[in-house]
Amino acid sequence: MNYQWYPGHMTKARRMMQEDMKLIDLVIELIDARIPFSSRNPDIDELGKNKQRLILLNKADLADERRTEAWADYFRKKGFYVVKLDARAKNGMKTVGSMIAEACREKIERDRKRGIKNRPVRAMIVGIPNVGKSTFINTYAGKACAKTGNKPGVTRGKQWIRLNKDVELLDTPGILWPKFDDQMIGLRLAVTGAIRDEILQTEEMALWLIGYMRKNYPGMLKQRYLIAEDGGTEENSSPENAEEVSGEWKKAEVALLAEIARVRGCRLKGDVPDYAKAAQLLIDDFRSGRLGRISLEEPEDAEKTK
């Protein structure tokens with residue numbers, strides 16, 4: 001599958017962001033802790049050069065803790081300030097405030113020496129669609145300041161938001177880049193929900209996720225669905241309509257999806273597996289954290305793409 005998605009409003013958003021950079025002191029970038037490399041727009045490094053940078057590893061409550069810490073170290077070594085958080089939880093916002101103050105300490109000190117008091121830090125918040133920017137803004141401010149939604153593309157225009165006496169935030173629409181040079185990036189974005197589900201092949205995402213979990217998180221599928229991770233018994237390992245979804249995928253992954261369909265009652269006429277329904281169930285369970293804490297990439301994955 002070829003993953004490309006760059007609506008016209010995102011081109012406009014990029015130009016707008018470029019123009020607004022001169023107004024701000026700090027770039028706050030939200031990324032998905034499950035896919036910290038794939039959920040970063042590489043344009044941000046160019047747009048935000050010469051600005052202080054704060055990385056928020058959002059959805060850390062859904063991600064593998066060990067891998068999230070490895071990613072935090074990775075970004076710190078690149079000179080970024082880093083906070084791991086769940087944007088829905090208020091208890092992480094104090095840490096974010098402290099980190100903003102630390103990142104902008106020199107600017108605050110310059111203002112003080114010039115006799116400028118109580119001028120808030122002006123920050124731009126950026127991130128790809130559906131990474132949780134609006135949720136973060138509302139939680140940080142303690143009120144509904146930005147529209148939220150569980151689909152990408154909710155925020156379309158820019159808006160200044162006074163979070164508190166110390167911070168003013170410029171919200172921007174979530175933007176992706178025009179082309180994914182590595183199709184694995186597009187696949188990871190799709191699995192986590194950064195690309196609209198309506199344009200995707202859910203079965204392909206589910207089969208890739210099954211293969212990834214068998215290799216990196218053995219036992220989780222068994223625990224969630226009470227199935228054998230080798231795909232079940234010989235008699236149900238080759239369902240009648242397996243060719244409809246198999247393609248280049250391994251027989252074991254197709255059989256596992258059939259097993260999930262069986263145990264969850266996803267059946268079509270003739271008592272054959274409903275792959276589409278089972279695939280959506282699996283993806284929903286992953287996105288909600290019901291499968292467990294799973295990360296889909298490690299810092300080594302970022303280095304491999306260079």
Could you list, in sequence order, all residues of region 106-136 that are modelled with pLDDT of 90 or more and over 25 Å from MET17 (Cβ atoms)? GLU109, LYS113, ARG114, GLY115
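Could you list all residues from region 190-208 that are out of contact with any helix residue (DSSP H, G or I) (no Cβ under 7 Å at 6 or more places or on another chain) and modelled with pLDDT of 90 or more?
GLU204
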Tally of residues being surrounded by fewer than 19 Cβ atoms within 10 Å (Cβ to Cβ), without any contact (Cβ under 8 Å) to a residue 40 or more places away in the chain and either in contact with a helix residue (DSSP H, G or I) (Cβ under 8 Å, 6 or more places away or on another chain) or small (Gly, Ala, Ser) (or both) across region 117-143: 3
For region 77-118 the number of residues that are assigned to a loop (DSSP other than H, G, I, E, B), under 24 Å from GLY142 (Cβ atoms) and within 24 Å of the chain's Cα centre (by Cα) is 5
Just checking, does region 171-180 include any residue being closer than 25 Å to PRO299 by Cβ, modelled with pLDDT of 95 or more and not in a helix (DSSP H, G or I)? no
Can you tell me how many residues within region 250-306 are part of a loop (DSSP other than H, G, I, E, B) and either under 19 Å from the mean Cα position of the chain (by Cα) or crowded, with 18+ Cβ neighbours inside 10 Å (or both)? 13
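The values are calculated or read from the model by the stated rules, or taken from the named source; none is laboratory data. These numbers come from a predicted model, not from an experiment. Counting neighbours? That spans all protein chains shown, and the Cβs are built from the backbone with ideal geometry, glycine included.
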